[in-house]
1. Can you tell me which residues in the range A:38-57 are on the phi > 0 side of the Ramachandran plot, modelled with pLDDT of 95 or more and under 18 Å from the mean Cα position of the chain (by Cα)?
2. Given the structure, is B:ALA64 out of contact with any Cys (no Cβ under 8 Å at 6 or more places or on another chain), touching a residue at least 40 places away in the same chain (Cβ under 8 Å) and not in a loop (DSSP other than H, G, I, E, B)?
3. Is it the case that A:GLU63 is more than 10 Å from every other protein chain (Cβ to nearest Cβ) and either more than 14 Å from the chain's Cα centre (by Cα) or among the polar types (S, T, N, Q) (or both)?
4. Residue check: is C:TYR35 hydroxyl-bearing (Ser, Thr, Tyr), assigned to a strand (DSSP E or B), under 15 Å from the mean Cα position of the chain (by Cα) and modelled with pLDDT of 95 or more?
5. Which of the following residues is part of a loop (DSSP other than H, G, I, E, B) and under 30 Å from A:PHE119 (Cα atoms): C:SER13, C:SER17?
6. Return yes or no: is A:GLU141 crowded, with 24+ Cβ neighbours inside 10 Å, charged (D, E, K, R) and touching a residue at least 60 places away in the same chain (Cβ under 8 Å)?
7. From the set of residues in the range C:30-59 that are in contact with a Ser or Thr (Cβ under 9 Å, 6 or more places away or on another chain) and within 11 Å of another protein chain (Cβ to nearest Cβ), which is surrounded by the most Cβ atoms within 10 Å (Cβ to Cβ)?
8. Being more than 21 Å from C:THR104 (Cα to Cα), in contact (Cβ under 8 Å) with a residue 60 or more places away in the chain, more than 13 Å from every other protein chain (Cβ to nearest Cβ) and not β-branched (Val, Ile, Thr) is the requirement here; does C:SER17 meet it?
Amino acid sequence: MTYLETLKGMGYSLTTSEPFNGKFMAAVRIGNLVYTAGQVSQLGPVAIKGKVGADVSLEKGYEAARMCAINCIQAAHSIAGEGSIARVIKVLGMVNVAPEFDNTPGVIHGASDLFNSVFGEAGRHARSAVGMVIPFNFAVEVETIFEVHG
Amino acid sequence: MTYLETLKGMGYSLTTSEPFNGKFMAAVRIGNLVYTAGQVSQLGPVAIKGKVGADVSLEKGYEAARMCAINCIQAAHSIAGEGSIARVIKVLGMVNVAPEFDNTPGVIHGASDLFNSVFGEAGRHARSAVGMVIPFNFAVEVETIFEVHG
Amino acid sequence: MTYLETLKGMGYSLTTSEPFNGKFMAAVRIGNLVYTAGQVSQLGPVAIKGKVGADVSLEKGYEAARMCAINCIQAAHSIAGEGSIARVIKVLGMVNVAPEFDNTPGVIHGASDLFNSVFGEAGRHARSAVGMVIPFNFAVEVETIFEVHG
């Protein structure tokens, strides 16, 4: 089963999209690496916003991180083509944290679990999972470095 | 017109500088990639300091991000030579945010617009733009990965 | 003297370890680059936790960053083999900051000084040193990109 079939089985149909938004790229390729822009917790019309640990529960934050991971795959496709991903290399998981909340790994597991489920051993990435201020009050933002096929 | 000529036309004359400060490098090259250190919002004697959204307006923050982008170019030159930049790959834009301020993209547009103006299509980069604590109260810090010529 | 001998002379004996923790890798190699996961301020049973500038002094924060750097070396070894590191390329130093504390460079010097001492000129890295929220109240987290031998 390809990772696209796995994603489809999970209910995620990716679409092709324009990578440049007038300011920056959703992703940039150099050689066999693709760097995505930071992807926020929104899929289509559904957004998860707010501070994790206050407005947003850990479970909802986990779901938000999963959304970000899907968007990272989509972003990689926008520049390297559908089905081009060979491996997940590096994840920077950024959580919009409420004061005192520091279980940022528990949130970013939502992205890691998605990558591991979808890509199997090729999904095994290095990662940091930290708290900061995310644009426009989104709950989570994730940027990813992928290896892509020639 | 080369990007150095474009920069000059904007009033920016870059100088060569020593890349090592005794602790870390302004930039490191490996293959055709250059990783810059985080560059703060200071050009010569002019620094923009303070929390964006409180001490520093959005407009001033935008200008601060632009300064950081100039310093990233300068940092790349310090290790790869003047005029060596082929492309802007990845930008991490870090904003010194006041509580409640989350328009970090609006600030980091100052860096993105500079790169797009100076390098044209080769300036189109992937990016994250987030809020955190910046050293010594500088308003903005930006680190960049560039592609450089052989 | 190899860097392993230097480390040993400083009292650090590295061990081999399993790189995958069920969620993510301690480090991932692609070509001659190794990306580590974020490494926190703990060595064996000794952890440095708390907010730098309040619970944790600058000096203790410096020591925490040094621990993180050791763990980054250990993480690189877990995937590329003992003694494989050729050069330190890029460091992202993340400090668990108390309100008003912004001497994040002074903290991350603990990691930079360790890399420079252990690797000499090959330890000279590009770096950002910023403040944010670190998982489980660790004082410091550092992620590193290393160049490794073929």
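1. Once the filter is applied, which keeps residues that are on the phi > 0 side of the Ramachandran plot, modelled with pLDDT of 95 or more and under 18 Å from the mean Cα position of the chain (by Cα), the range A:38-57 yields only A:GLY50.
2. Values: out of contact with any Cys (no Cβ under 8 Å at 6 or more places or on another chain): yes; touching a residue at least 40 places away in the same chain (Cβ under 8 Å): yes; not in a loop (DSSP other than H, G, I, E, B): yes.
When the stated conditions are applied, B:ALA64 passes them.
3. The answer is no for A:GLU63.
4. Judged against the criteria, C:TYR35 is a match.
5. None of the other options fit; the residue is C:SER17.
6. Working: crowded, with 24+ Cβ neighbours inside 10 Å: yes; charged (D, E, K, R): yes; touching a residue at least 60 places away in the same chain (Cβ under 8 Å): yes.
So A:GLU141 passes the test.
7. If we take residues in the range C:30-59 being in contact with a Ser or Thr (Cβ under 9 Å, 6 or more places away or on another chain) and within 11 Å of another protein chain (Cβ to nearest Cβ), then C:THR36 is surrounded by the most Cβ atoms within 10 Å (Cβ to Cβ).
8. yes
The values are calculated or read from the model by the stated rules, or taken from the named source; none is laboratory data. None of the values given here were measured: they were computed from a predicted structure. A quick note on method: Cβ atoms are made from the backbone with ideal geometry, for glycine too, and the neighbour counts reach across all protein chains shown.
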